[in-house]
Amino acid sequence: MLERREFIQKGVYLMPSKEGFRALSAKCPHLGCTVNFDGISQTFKCPCHGSTFNASGKWISGPAKRNLQSLPVKKTPDGDIETVIKI
């Protein structure tokens, strides 16, 4: 089970995974609203039009019809975690 305090900064959710971390865009693919993570149901929910995504970002229901964008993650030599998001 994921913690409620998944790291979100600058529109990216950084989620724990078997490989270390996974980064997902917080932008709903429907109309671009910022999704929220619900720790109880372990899902992302769009507050604008109700799309729902599982903890891996896969679309479950609602008008979005696409998964949340997965972003590349890498660890720097200093141990920081980086990801790139298009603006």
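The values are calculated or read from the model by the stated rules, or taken from the named source; none is laboratory data. These numbers were taken from a predicted model, which means no experiment stands behind them. All Cβ positions, glycine included, derive from the backbone under ideal geometry; neighbour counts span all protein chains shown.
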### Query
Out of all the residues in the range 43-58, is one or more farther than 22 Å from residue 19 by Cβ and assigned to a strand (DSSP E or B)?
yes
### Message
Which condition from (1) touching a Lys or Arg at 6+ places or on another chain (Cβ under 9 Å); (2) in a strand (DSSP E or B); (3) at pLDDT 95 or above is the one that residue 21 breaks?
### Response
(3)
### Summary
Exactly one of 55, 64 is closer than 16 Å to residue 12 by Cα and surrounded by 19 or more Cβ atoms within 10 Å (Cβ to Cβ), and that residue is 55
### Message
Tell me whether the range 75-86 contains one or more residues that are at pLDDT 95 or above, small (Gly, Ala, Ser) and not in a strand (DSSP E or B).
### Response
no
### Query
Does at least one position in the range 25-47 carry a residue that is touching an Asp or Glu at 6+ places or on another chain (Cβ under 8 Å) and among the aromatic types (Phe, Trp, Tyr)?
yes
### Summary
For the range 30-42, the count of residues that are part of a loop (DSSP other than H, G, I, E, B) and within 12 Å of the chain's Cα centre (by Cα) equals 2
#### Entry: Which numbered condition residue 35 fails, given (1) out of contact with any Lys or Arg (no Cβ under 7 Å at 6 or more places or on another chain); (2) within 23 Å of residue 84 (Cα to Cα); (3) surrounded by 13 or more Cβ atoms within 10 Å (Cβ to Cβ)
(1)
